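> Could you have a look at this structure, given as structure tokens, before my questions?
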Amino acid sequence: MTQREDASKTIQSISSDRPSTVIESDLRMRLRTFPRDAQTWYALGSYLHSFGRLDEAEEALRKAISLNPGPAHFLEELARILMDLGRLDEAYQLYDKRAPSSIDALRGEIDVLRRMEAAADENAVAISPCIDCSDYTYYGCSKDGACDSINRWRTRVRQVATQRSPDGHSK
């Protein structure tokens, strides 16, 4: 319960005397209900930033980052706010802090894509080249299976089958 009280104090401290829009009211209502929702704090900060309420936006973004420091878009939005506030050194520090983790994440995504591509190559062996061939009709191949592409495909299928272990996985 103490955390809820602390969070509600933060909500009150960044509220404005100006009339709120429906969107801002909805975000603040959600934060009163779920004060530890980092994504809503981020949304409020982005919303306030779009209306030039930079101090309030910074406070909301810092709250989001304190609850969940992982998402890079939280840091990027805070850096944009700091730049708009004229605090360029702080903004550059945030970008520098984010850069190594982004590069590692990008490398991880590239590795995943490479593994998916390799798996797709293995799975592509199971698809006959006859399907894309202009000589292939509803009744089958008009060349009676004597073409070079089907022979190359059959050879690849045999190679992949011999490379796999008995449990169906590649060696």
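> Quick one: what are the phi-derived ³J(HN,Hα) couplings along the range 25-37, Karplus 6.51/-1.76/1.60 with θ = phi - 60°, whole Hz, x for glycine and proline?
4, 4, 4, 5, 5, 4, 5, 5, 7, 10, x, 9, 8
> Tally Lys and Arg at +1 and Asp and Glu at -1 over the other residues with C-beta under 13 Å from the C-beta of Gly45: what net charge comes out? Before the final figure, lay out the partial values.
Working: positive: Arg28, Arg53, Arg62, Lys63, Arg80; negative: Glu24, Asp37, Asp55, Glu56, Glu58, Glu59, Glu76, Glu77, Asp84.
Value of the local net charge: -4.
> Around Leu88, what is the net charge, scoring Lys/Arg as +1 and Asp/Glu as -1 over all other residues with Cβ under 13 Å from its Cβ?
Working: positive: Arg80, Arg87; negative: Asp84, Asp89, Glu90, Asp96.
Around Leu88, the charge tally is -2.
> Let me ask something else about it. Summing +1 for each Lys or Arg and -1 for each Asp or Glu, what net charge is found among the other residues whose Cβ lies under 15 Å from the Cβ of Asp26? All intermediate terms of the calculation are to be shown ahead of the outcome.
Numbers: positive: Arg28, Arg30, Arg32; negative: Glu24, Asp37.
After counting each charged neighbour, the total is +1.
> Using a 10 Å cut-off on Cβ atoms, rank the peptides 77-87, 22-32, 36-46, 147-157 from the highest mean neighbour count down. Kindly include the intermediate steps, with their values, before the conclusion.
On the way: 77-87: 18.3, 22-32: 15.2, 36-46: 21.0, 147-157: 13.5.
Highest-to-lowest ranking by the protection proxy: 36-46, 77-87, 22-32, 147-157.
No lab work stands behind these numbers, since they all come straight from the coordinates. Predicted, not measured: the structure shown is a model, and the values here were computed from it. Quick reminder, even Gly has a Cβ in these numbers, built from the backbone with ideal geometry, and neighbours come from all protein chains shown.
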